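The values are calculated or read from the model by the stated rules, or taken from the named source; none is laboratory data. Here the structure is a predicted model, which is why all the values come from computation and not from measurement. Side chains included, ligands, DNA and RNA excluded: accessible areas come from the protein's heavy atoms. Shrake-Rupley method; radii C 1.70, N 1.55, O 1.52, S 1.80 Å.
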Amino acid sequence: MLLGLLGLVTAVAPAALNPARASAVPATVRDGPTCPSPGAPQGSPPGSSGPRGVRPADCDRPKSVPSATGGDAGTALPWISADPGQPLVAAIPTKLTGSTVTMSGLRLEGIVQLPTADGPLTALKFSMQEAVTEDVVLRPPGPPDRTIRLAAVTARGDVALYATRFVGRLPGFTITLAPDLPLPAGVPIMSPGAITFTDPAIDLAFIKSDTFSVR
């Protein structure tokens, strides 16, 4: 019922048949470009021949994730494999905005290709223990009257969030993260505590966690 309220479709990965684990896929309609541009990363994800036009030699980029809490300007994020049993996701993400999003135990894992009915969708994977978004506005692609407003949404327990674009403010500057952009200097790759972004704007491709709650 919760996921229906959010305008999302439930999907449980076959490799994790745990009824307590929730996952959500935004509705399958398009409201704007989120696929890689000509400047997108040229590598291809492990176990894949890569999208058309990708040079196989480019897949040899380093695969390690920096362990520091901040990255150097121009750092290339690694390609990672989709989780086993990853269900199909919408070809076009849902727009999610809010006043703040607080992520606890955040780690920016890398770039992944998620399966859709129209082919792979390239996204960033964020993992964390909890994500709390305040003053939520969800805009699934389609008619404007499908917009959903909520006081707060909490995803808790082994959270995996996939986004084709993430924009948020940290004290003093705005960051924009996307698969086709290098990591800006000072952006936290790992944060063992809680980190709060203000004015988040997320193109949400897929999210799963142990529990979801709204108020």
The range 103-177 - percent of accessible surface contributed by carbon and sulfur, probe 1.4 Å: 50
Please list 3J(HN,Hα) in residue order for the range 122-136, calculated via the Karplus relation 6.51 cos²θ - 1.76 cosθ + 1.60 where θ = phi - 60°; whole Hz, with x for glycine and proline. 8, 9, 8, 9, 10, 10, 6, 8, 7, 9, 10, 10, 9, 6, 7
Once phi is turned into ³J(HN,Hα) by the Karplus curve 6.51 cos²θ - 1.76 cosθ + 1.60 with θ = phi - 60°, what whole-Hz value does each residue of the range 140-157 show in order, with x for glycine and proline? x, x, x, x, x, 6, 8, 4, 10, 10, 9, 5, 6, 10, 10, 10, 9, x
Which of rounded, prolate or oblate describes the range 114-188 when judged by the alpha-carbon gyration tensor and an a/c cut-off of 1.5? rounded
Taking the Cα centroid of the range 197-212 and of the range 88-135, what is the distance between the two, rounded to the nearest whole Å? 5
From the phi angles alone, apply the Karplus equation (6.51, -1.76, 1.60; θ = phi - 60°) to the range 204-215 and give each ³J(HN,Hα) in whole Hz, x where the residue is Gly or Pro. 8, 8, 6, 8, 9, 6, 5, 9, 10, 9, 9, 8
Using 0.36 nm per residue of separation minus the Cα-Cα distance, give me the extension gain between residue 169 and residue 214 in nm, one decimal. 13.9 nm
